[in-house]
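Heads up, the thing below is written out as structure tokens.
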Amino acid sequence: MKNNKTSILLATGLILMAGAARIMNHEMHLYNLAPVGALGLFSGAVLKDKRYAYLLPMLALLIGDIYIQLFTSWQGFYGVSQLCVYAAMMVVTLLGTKMGQPRSLKVMGYSIAGSVIFFLISNFGVWLNIELSHVDPMHYGTGFGGLITTYVMGIPFFKYTFAGDLAGSIILFGAYYLLQQAFSN
């Protein structure tokens, strides 16, 4: 692309739209269908200035959490497990920085890897929150058995995480490619 500013604006717009999709998914009670991992993957792969690559998806998460806190009956800020969600976003963004030139199969593979990473870290956060707070509303248990139960109980939700990330990656990378073509002519 001829203009790096145009590239940054396109990527930023797409990332913020994906962040807005998280709010819409929350409003429609499709909690794990948001393209959260796709945000980090796309940002890490596309934005050359890595400060923005990490900042923009974190900002999209934060805006979503503020919205949830202020305008819904849910908690937008929910402790240690939320820190693990943000950490997972950072790791998936790091994964995106290692992608190199995005190609269809590569995007798909990285998207799957990002979903798995997000699943592992975010569910670890759920277990860690139980361990630290000694509050276990879902009765997962504590210790290693509780950790295993937390992962097992998270498996049914993984299909939504995977679908949201894969669809989000296809849309983000595809739209970015098409918009690059349109603006470079």
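Relative to the present Cα-Cα distance, how much length would full extension add between residue 9 and residue 51 at 0.36 nm per residue of separation?
On the way: separation 42, 0.36 × 42 = 15.12 nm, distance 1.47 nm.
Going from the current span to full extension adds 13.7 nm.
If you line up the Cα atoms of the chain on their principal axes, what length do they span on each, largest first, in Å?
In descending order, the Cα extents are 58, 35, 28 Å.
By how many nm would the segment from residue 31 to residue 103 lengthen if fully extended, with 0.36 nm per residue of separation less the alpha-carbon distance?
Details: separation 72, 0.36 × 72 = 25.92 nm, distance 2.84 nm.
Between residue 31 and residue 103, full extension yields an extra 23.1 nm.
When the solvent-accessible surface of protein heavy atoms is calculated with a 1.4 angstrom probe, in what order do 5, 159 fall, highest first?
Numbers: 5 150, 159 120 Å².
From most exposed to least exposed: 5, 159.
What FRET efficiency comes out for the pair residue 170/residue 134, r = Cβ-Cβ distance, R0 = 35 Å, nearest 0.05?
On the way: r = 42 Å, r/R0 = 1.20.
My answer for the efficiency is 0.25.
Using a 1.4 angstrom probe on the protein heavy atoms only, could you order 31, 86, 67 from most to least accessible area? The partial results should precede the final answer.
On the way: 31 90, 86 35, 67 65 Å².
The residues order as 31, 67, 86, largest area first.
Please list, in order along region 81-98, the HN-Hα scalar couplings obtained from phi with the Karplus expression 6.51 cos²θ - 1.76 cosθ + 1.60 (θ = phi - 60°), rounded to whole Hz, x for Gly and Pro.
5, 5, 4, 5, 5, 5, 5, 4, 4, 5, 5, 5, 5, 4, 4, x, 5, 8
Just to make sure I understand: if all protein chains stay in place, what is the order of 51, 22, 103 by accessible area at 1.4 Å, largest first?
Working: 51 170, 22 40, 103 145 Å².
Sorted descending by solvent-accessible area, the residues read 51, 103, 22.
Where only protein heavy atoms count, and the probe is 1.4 Å, what is the accessible area per residue for region 68-185 in Å²? Please list the in-between numbers first.
Numbers: 6850 Å² over 118 residues.
It amounts to 58 Å² per residue over region 68-185.
What figure in square angstrom, to the nearest 10, would you give for the accessible area of residue 108 with a 1.4 Å probe?
Looks like 90 Å² after rounding.
Using a 1.4 angstrom probe on heavy atoms only, work out the carbon and sulfur share of the accessible area of region 20-126 in %. Write down the numbers at each step before the final one.
Numbers: 3740 of 5240 Å².
Carbon plus sulfur share of accessible area: 71 percent.
Hey, any idea what Rg/Rh is for region 37-120, computing Rh the Kirkwood way over Cα pairs?
Details: Rg = 13.5 Å, Rh = 13.2 Å.
Here Rg/Rh amounts to 1.02.
Per residue of region 140-150, in order, report the coupling 6.51 cos²θ - 1.76 cosθ + 1.60 (Karplus, θ = phi - 60°) as ³J(HN,Hα) in whole Hz, putting x for Gly and Pro.
6, x, 10, x, 4, x, x, 5, 4, 4, 4
The values are calculated or read from the model by the stated rules, or taken from the named source; none is laboratory data. The structure displayed is predicted, hence computed values, not measured ones. Cβ coordinates were reconstructed from backbone atoms using ideal geometry, including for glycine residues, and neighbour counts include every protein chain displayed. SASA here: full protein model, heavy atoms, side chains in, ligands and nucleic acids out. Shrake-Rupley method; radii C 1.70, N 1.55, O 1.52, S 1.80 Å.
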